[in-house]
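First the structure, in the form of C-alpha cells, and then the observations on it.
The values are calculated or read from the model by the stated rules, or taken from the named source; none is laboratory data. Given the structure is predicted, the values throughout are model-derived calculations rather than measurements. Cβ: placed from backbone, ideal geometry, glycine included. Neighbour counts: every protein chain shown.
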Amino acid sequence: MNGAELQLKKSDILAGRKIAVQALGCRTNQAEAEALASAFAARGAVIVQSGLCDAAVVVTCSVTSVADRKSRQLIYRFRRENPQACLAVCGCWAQGAGTEEAEKMGISLLVGSRRKSEIPDLVAQWFAEKSHVFKAVRGFPERRWDGLELLKSPYYGRAFIKVQDGCDHRCTYCIVPLLRGPSVSRPQDDILEEARRCAAAGQFELILTGVHLGLYGRDSGTSLAELVRALSAVEGLKRLRFGSLEPFSIGDDLLEALAESDIFCHHLHLPVQSGDDEILRRMGRGHTAEDYLKLTERLRAALGSDLHISTDMMCAFPGESEQAFENSLSLLDAARIGRVHGFRYSPRPGTPAAEFPRQVPLETALDRAERLKQAGQKCLEREAERWLGRNVEVLFEGTLRGHPQGYTREYLEFRPLKKSIYNELRPMLVKSVVHGILTDE
C-alpha cells in the first residue's frame, strides 16, 4: 500500500470502526455478505462476528415464515446489543418489509435488492450526518447487475462468487422472484478477474452462486457452460462448485463442459421439491419425477457413478396426500440422493400457492417434516458409506472441536477423530489440499 492509499484509508470515516456483517438463508446471501464485509474492510473497517459494534449489516431471508422470524430475531438482537449503532438491513425480507415496521424495529437503513453495493457509502453517510434518521433505499429490482465484488474471502481455501441474481421461473410457492427481481447475469470478465484474485490469494476452491444459476448468460449472450470452461483455465484454481442448479437448466453443452473440466467437483445440488407428479405440476416446477430420475442417470453416465447429488425437498404442499409424500421419499432412494435439505411448505403472501385449497394440517406437516429429516439422514449415511476406506482429496477449511475439518470433492465432510491423525496432517494444512482415507472410526 502506497502513501496516498494509506492516507485515504485513514481519512475514510469507516476506518477503524467495528462492523458486523451476518447473513441468513442461501449461499447467494452468504456470498453477498462476504462481498460486503470485504468492501468495508477495504475502507479500513474492522470486521467483527458479534458483540459490540459501530454498525451491523444483516442480509435477510424470506423464503419461509421461519426465515422471516429468524431475520426479525437477528435484527432485534443486534439492536438490543448495540442501541447506538447503525443497523443496515438488506436482502429478501428487507425488500418486502414495510417501512413503518422497519423503523419501529430500530433499523437505520432499509436497503432493497440490487442496491447492496451502496451499503458501505450509506453507512458512511449515516456516520457523517450524525442525524441518525431512518432511511429506506429500495424500489422494484431492475434487470441490472449490482456491482458487489469479493475483494478478499474470509475463508481459508475457498470463496463464494455470486454470478447471477433474480429468477424468471415462477414456481407457485416461491416469493423470491418478486423480491429479487428478474434474472440478470454478472459480466464474465468481472467474474474471471475476481476468480484470478481469489486464486492468487490461496482460495483454491470457488463456489458459484446465484438465485437461478442455470439462467446465467441468457440475458447477455453467453452461458454457464462457457463460464465453466473459462474458469477451468484460471491458473491456481483446483476446485469449482455450484451452489445450486435447477434440474431443468442442465443442457448438453453444460454437461459437456462439466465433463471436460479438470477442476469441477463431482457434486451437484439439484432441487426437486417433490417426488409426486401432481404436486410438481401444482408447484409449476416444469418437470416430472421421471424427468428428474432420468436426469440423475444421465449425469452419472457423463460424470461418473460417484457423482454426489443433493437436493431440496418440500413436504406438506397444499393438496399433498400421504401417498404423494411417500412418492417423495421413494424418489430420494431411486435417485440415490445424498444430502437432503428438507423443509415444510410455508405460505408466502402474494404467491399463487398461498391461495390454493387443501392446506395440510400443521400436525401432519410437522410429522412429515420429521420423517423427511430422518430419511435425509439415512440418505447421507448411505452416500458416505460408499466412500469408507477409499482415498480422497480433502480441502481443509479449519478445525471443529479441535480436529481439522474439510470436504472431499464430492462434498462429504472429513473429520479425523483421532489426535494422532491430526498431528500427522498438521504439517500439510498449509497446502490446504491433502489426501486421507475415510474411515468409520
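Brief remarks on what is shown
- Identity of the residue in the range 255-293, hydrophobic (A, V, I, L, M, F, W, C) and over 20 Å from residue 376 (Cβ atoms), that ends up surrounded by the fewest Cβ atoms within 10 Å (Cβ to Cβ): 259
- Members of the range 346-369 found to be closer than 18 Å to residue 325 by Cβ and among the aliphatic types (A, V, I, L, M), listed by number: 353, 360, 362, 365, 366, 369
- Within the span defined as the range 395-410, every residue fails to be over 22 Å from residue 236 (Cβ atoms), among the aliphatic types (A, V, I, L, M), at pLDDT 70 or above and outside any helix (DSSP H, G or I).
- Failed item, numbered, when residue 296 is tested on (1) in contact with a helix residue (DSSP H, G or I) (Cβ under 8 Å, 6 or more places away or on another chain); (2) crowded, with 19+ Cβ neighbours inside 10 Å; (3) hydroxyl-bearing (Ser, Thr, Tyr): (1)
- Filtering 372, 388, 380 for residues that are assigned to a loop (DSSP other than H, G, I, E, B), among the aliphatic types (A, V, I, L, M) and touching a residue at least 24 places away in the same chain (Cβ under 8 Å) leaves a single hit, 388.
- Residues of the range 175-228 classified as among the small types (Gly, Ala, Ser) and part of a strand (DSSP E or B), total: 1
- Members of the range 141-169 found to be among the charged types (D, E, K, R), under 29 Å from residue 284 (Cβ atoms) and at pLDDT below 90, listed by number: 142, 143, 144
- Residue in the range 210-232 that is hydrophobic (A, V, I, L, M, F, W, C), surrounded by fewer than 18 Cβ atoms within 10 Å (Cβ to Cβ), closer than 20 Å to residue 193 by Cβ and in contact (Cβ under 8 Å) with a residue 12 or more places away in the chain present: yes
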